[in-house]
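Note sheet for the following structure.
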Amino acid sequence: MDFAKLKELIESGIPFNEVLGIRVVELGEGHVRLRVPYQRELLGDVRRPALHGGVISSLVDVCGGFAVWTCCRLEDRIATIDLGVDYLRPAPDRDLYAEATVRLLGNRVGNAHVVIWSEGEPDKHVAVGRAVYNIRRGK
């Protein structure tokens, strides 16, 4: 896997990731860590303030999918089959981090576990997720 190309794809090759401002912190085979810089536009509850749950679930999906992709080839395609997110506490108005680990990798399906936390509190998870991805092998 060409991790430099995968990093470029994550950060600037997918328009939705650009909107969220997703940045790669770490990439390795079967492991990805991402960061979403805080933006006021990502708030879901301005009274707390707390980040929108959709930002969290999107980050679970992106991080998990790319963790699976690190175990594949760049020309392979990854698509979400199933996604589950447990929201544990509100995500405060700070940068958000996600770390995904591949738990199972087959020829056509990959499974990842993801944890989400806010800047400065890596042991205080705001959400955990698990996702299953279809792997379509490229030519």
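Values in this text are rule-based calculations from the coordinates and carry no lab data. What you see is a predicted model, and the numbers here were worked out from it, not measured in a lab. Glycine gets a Cβ as well: all are built from the backbone with ideal geometry, and neighbour counts include every protein chain shown.
Express in nm, to one decimal, how much length is gained between D76 and R23 on full extension, taking 0.36 nm for each residue of separation and deducting their alpha carbon distance.
Working: separation 53, 0.36 × 53 = 19.08 nm, distance 2.18 nm.
Here the segment from D76 to R23 would lengthen by 16.9 nm.
Considering only V32, N17, C71, the residue lying farthest towards the positive end of the dipole of the stretch 3-136 is C71, judged by Cα position with unit charges set on Cβ. For K124, the lysines whose Cα falls under 27 Å of its own Cα, not counting residues fewer than eight places away in the same chain, are K7.
The translational diffusion coefficient of the chain, from Stokes-Einstein at 37 °C and 0.692 mPa s with a Kirkwood hydrodynamic radius over alpha carbon pairs, comes to 221 µm²/s. Between R103 and R47, the FRET efficiency from the beta-carbon distance, with R0 = 41 Å, is close to 0.65. Its DSSP H runs of at least 4 residues, each contributing -39,500 (n - 2.57), put the calculated 222 nm mean residue ellipticity of the chain at -6000 deg cm²/dmol, to the nearest 500.
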